[in-house]
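A quick write-up on the structure given underneath.
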Amino acid sequence: MNRASRLARALFLVLAAFVAAAVPLRAQQGGEGQVRLGITYKPGYRPGLALPPSILGGTGSDLATVAASIDTILRRDLDYSDRFEILPVPDSLHTSGAINYGLWNQLGAVWLVATQLQGPADRPLLRVSLHDVVYGNLRNVQAFTLPADHGEALRMAAHRIADSVVNWATGERGMAATRIAFRRKEGDGASDLFMIDSDGANLHRVTHDSSIVYSPAFSPGGTKLLFVSYVSGQPEAYELDLSTGRRRTVSAVPGVNLTPVFRPDGAKIAVARTVGGGGTDIFELDAASLSGARRITFTDPGDALNPSYSPDGQRIAYTSTSLGEPQVFVQNIGGGGPGLISRYVYGEQGYATSPDWSPRGDRIVYQGWVDGVFQIVTVNPDGSDRRVLTLKGSNEDPAFAPDGRHIVFSSTREGYHALWVLDTVTGRVRRLAENHIDQMPAWSGTIGAGGS
Amino acid sequence: MRRSLRLSPLALVLAAAVACGGNPPPQQGPQVNQDSLAAARARQDSIARADSLRRAQQRNQASAELCNRALAAITAGNYDQARSLYKQAQSQYSGTACGDRAASELQRLDAIETIAQRVHFDFDKSNITDQAAQVLQRKAQALRQYANLKLQIQGNCDERGSNEYNLALGQRRAESARKYLVSLGISPDRLSTISFGEERPIAQGHDEQAWSMNRRDDFVIQNLSASGSSD
């Protein structure tokens, strides 16, 4: 086959896959947790990906159980990456022996992920190969040693493998091996911090204070959480070491201590707190010693809060009332005037808060009033190219995934505040956690990836 | 023994008559054993004293209970209930500690009610409105009169807006009232502030009526059991 005809064939397959993909997409509309928004999104092309069941390189029900668990997690993660159309795989197709690319082609696959699991069951090895079906070659292959623990650790290992596959296929960073921390409101108005894996599994409670908690924020490696709690009687900022459970006070001035976050390199903490005039301003302190507090905004007697660092740590986006109503600004930490980036119309009541700077650096997300209701809005860091990403219900507290593409937020679209994940490219939305009042989500970096 | 036993009800009547301040009845009728009669009388006298003491104690207790319930009612913000409890103490238990201080407690209750009255704010605003200023001026007067009372001013917001921003806004609302009271001469040492943002709504609706109720400062007296007025 010469180069020209190969390209023509590839183009045809891409088009064919697009048509094939469009059918299941339409079928998904109105399905469980799948809502396609009509406003900002073009119907994104997602190449077909086939993930047949893992081939077992050994016997034993333990190994088969691990394989089934890994297959399920990988398939869901790759679906939730929103980069692929996950294809149903007929039983007749398998990946033992030589790969028959033609057959996978006919199925509509652009990518084929072949996995083989070898014993022993207490320390299995998963060999993962990614095939480019269109070009008929092996894109990448790697063997992953899976943990002996078949619970949480195995799940996180599977998430990391899914992120590897995403990276091999797209060159981009995945977000499967991450967690989302948030506050859950319980009876009698009390709230505590909870945590959940990016795929909505492994929900667990983090604090047991039965007080009021606010604003969790992860350390770069996901090993610590900053948050605000009323456990002392006043809203004060704390740091919680997730592995040891040790807690220390980060900021406790009289008044309020709000929205603490780590700088992306983990060396500094920015926190908003009450100053002399009764308003709040943002201070930066050393993350290890908690000393050397330096005031970086001057909004009092108004409020500045919600700091979110640019990836290089040189700038912050934050909420400020310097125009009278809360709006979102960006400023250099080293000095220089703040610049407004949210939509402000003189004489019109506006309201924009809670910015989060994408870890990719290219966009800032915030919640802004659209017709008096909060919607999720993204802009460039200079405020240009404003896009409203939601329509239904009140949508608040947005936070970017480490892939800079997905956003978790709290939405009342089903009547009360619940957490949803939005893909900013395709507009796919999924519910993250069920049947509770959940707010203020924070998205971790990649877990166990050495401080990324 | 039989006779004295049969006579003992009579002795009880006599003893009771003594206890009630009646004249001692003349000795008459059959001779009785004087020793056992005196012993019985002494016993009955002591029972009567104990009864009287117990009744007084019970009365004091019932009265104190009214004052305790009144204090609990004030703490819960049920001022009308507290008022009727103090009035009951005043009318039924004069001579007891609670009954005797009920009149001044009723006066103090008026002051407490004035001090606890909420002030309200406009949407996304923390400035003291004219209406709020009048309420705060009345508070300042009551606070001057009851100079030992300490207040926590609690700033609250309606459900609109971000939770985090509302914490900051609530703090500003509490701070506005604190500053206004200080400007009227109330010592800053008596006034602390806290913000609850939108965590503690008092009206549950999702309309302007509920929202305007919830945009408020609550004034919580922190040492309600501190005694009396300063003048």
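The values are calculated or read from the model by the stated rules, or taken from the named source; none is laboratory data. Since the structure is predicted, the reported quantities are computational estimates derived from the model, not experimental observations. We place every Cβ from the backbone using ideal geometry, glycine too, and count neighbours over all the protein chains shown.
Quick notes
- If the condition is being closer than 25 Å to A:Gly60 by Cα, in contact (Cβ under 8 Å) with a residue 24 or more places away in the chain and of a type in the set (Asp, Glu), then segment A:124-163 contributes only A:Glu152.
- Count of residues meeting criterion [assigned to a loop (DSSP other than H, G, I, E, B), over 16 Å from A:Ile376 (Cα atoms) and within 14 Å of chain B (Cβ to nearest Cβ)] in segment A:409-447: 2
- Note on segment A:87-114: residues that are closer than 19 Å to A:Asn140 by Cα and buried (at least 20 other Cβ atoms within 10 Å of the Cβ) amount to 8.
- Scanning segment B:219-230 turns up no residue that is within 14 Å of chain A (Cβ to nearest Cβ), β-branched (Val, Ile, Thr) and either free of Cβ contacts under 8 Å to residues at least 12 places away in the same chain or farther than 27 Å from B:Ala82 by Cβ (or both).
Residue-by-condition table, conditions (1) more than 27 Å from A:Ser322 (Cα to Cα); (2) within 14 Å of chain B (Cβ to nearest Cβ); (3) in a loop (DSSP other than H, G, I, E, B); (4) out of contact with any helix residue (DSSP H, G or I) (no Cβ under 7 Å at 6 or more places or on another chain):
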residue	(1), (2), (3), (4)
A:Ser243	yes, no, yes, yes
A:Leu258	no, yes, no, no
A:Arg273	no, yes, no, yes
A:Leu285	no, no, no, yes
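- All positions within segment B:42-72 that are buried (at least 16 other Cβ atoms within 10 Å of the Cβ) and over 30 Å from B:Glu113 (Cβ atoms): B:Gln44, B:Ala48
- Verdict on A:Thr426 being crowded, with 24+ Cβ neighbours inside 10 Å, in the same structural domain as A:Pro220 (by TED's automatic domain parsing) and either at pLDDT below 95 or β-branched (Val, Ile, Thr) (or both): no
- Qualifying positions in segment B:94-125 - in a loop (DSSP other than H, G, I, E, B) and either touching a Gly at 6+ places or on another chain (Cβ under 8 Å) or more than 14 Å from chain A (Cβ to nearest Cβ) (or both): B:Ser94, B:Gly95, B:Thr96, B:Gln117, B:Arg118, B:Asp124
- Restricting segment A:217-235 to residues that are surrounded by fewer than 21 Cβ atoms within 10 Å (Cβ to Cβ) and over 21 Å from the mean Cα position of the chain (by Cα), the residue that is farthest from the other protein chains (Cβ to nearest Cβ) is A:Val231.
- Among residues that are within 14 Å of chain A (Cβ to nearest Cβ), closer than 22 Å to B:Ser212 by Cα, touching a helix residue (DSSP H, G or I) at 6+ places or on another chain (Cβ under 8 Å) and surrounded by 16 or more Cβ atoms within 10 Å (Cβ to Cβ), B:Ala132 is not included.
- Residue in segment A:336-348 that is crowded, with 24+ Cβ neighbours inside 10 Å and not aliphatic (A, V, I, L, M) present: yes
- Taking segment B:172-190 as the range and being away from every other protein chain (no Cβ under 12 Å) and either hydrophobic (A, V, I, L, M, F, W, C) or surrounded by 14 or more Cβ atoms within 10 Å (Cβ to Cβ) (or both) as the test, the residues that pass are B:Leu181, B:Leu184, B:Ile186, B:Arg190.
- Complete set of residues in segment A:204-216 that are more than 16 Å from the chain's Cα centre (by Cα) and either away from every other protein chain (no Cβ under 11 Å) or in a loop (DSSP other than H, G, I, E, B) (or both): A:His204, A:Arg205, A:Val206, A:Thr207, A:His208, A:Asp209, A:Ser210, A:Ile212
- Residue in segment A:321-332 that is away from chain B (no Cβ under 14 Å), without any contact (Cβ under 8 Å) to a residue 60 or more places away in the chain and either in contact with a Phe, Trp or Tyr (Cβ under 7 Å, 6 or more places away or on another chain) or of a type in the set (Lys, Arg) (or both) present: no
- Residue in segment B:141-153 that is of a type in the set (D, E, K, R) and either within 14 Å of chain A (Cβ to nearest Cβ) or surrounded by 17 or more Cβ atoms within 10 Å (Cβ to Cβ) (or both) present: no
- Residues being without any contact (Cβ under 8 Å) to a residue 40 or more places away in the chain, within 13 Å of chain A (Cβ to nearest Cβ) and assigned to a helix (DSSP H, G or I) - total across segment B:191-218: 1
For (1) in contact with an Asp or Glu (Cβ under 7 Å, 6 or more places away or on another chain); (2) assigned to a loop (DSSP other than H, G, I, E, B), each residue gets a yes or a no:
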| residue | (1), (2) |
| --- | --- |
| A:Thr59 | no, yes |
| A:Ala64 | no, no |
| A:Asp71 | no, no |
| A:Arg75 | no, no |
| A:Asp79 | no, no |
| A:Asp82 | yes, yes |
| A:Val89 | no, yes |
| A:Leu93 | no, yes |
| A:Ala98 | no, yes |
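- B:Asn156 fulfils the conditions (1) touching a Lys or Arg at 6+ places or on another chain (Cβ under 7 Å); (2) within 14 Å of chain A (Cβ to nearest Cβ); (3) surrounded by fewer than 23 Cβ atoms within 10 Å (Cβ to Cβ) except for a single criterion, (3).
- Scoring A:Ser129 on the criteria (1) outside any helix (DSSP H, G or I); (2) buried (at least 21 other Cβ atoms within 10 Å of the Cβ); (3) not aliphatic (A, V, I, L, M) leaves a single failure, condition (2).
- Of the strands (runs of 3 or more DSSP E) lying entirely inside segment A:327-379, those containing at least 1 residues that are within 22 Å of A:His417 (Cα to Cα), at pLDDT 95 or above and assigned by TED's automatic domain parsing to the domain that holds A:Thr424 span A:352-357, A:364-370, A:373-379.
- Applying the criterion of being in a loop (DSSP other than H, G, I, E, B) and buried (at least 21 other Cβ atoms within 10 Å of the Cβ) to the residues of segment A:190-203, the residue that is nearest to the chain's Cα centre (by Cα) is A:Ser198.
- Only residues that are modelled with pLDDT of 90 or more, among the aliphatic types (A, V, I, L, M) and under 20 Å from the mean Cα position of the chain (by Cα) were counted across segment B:206-228, and they come to 2.
- Odd one out for A:Ala109, checked against (1) more than 27 Å from the chain's Cα centre (by Cα); (2) hydrophobic (A, V, I, L, M, F, W, C); (3) assigned to a loop (DSSP other than H, G, I, E, B): (1)
- Pairing residues of segment A:353-371 that are within 14 Å of chain B (Cβ to nearest Cβ) and on the phi < 0 side of the Ramachandran plot with residues that are surrounded by fewer than 22 Cβ atoms within 10 Å (Cβ to Cβ) and among the small types (Gly, Ala, Ser), at Cβ distances under 7 Å and at least 6 apart in sequence or on separate chains, gives A:Trp369/A:Gly350.
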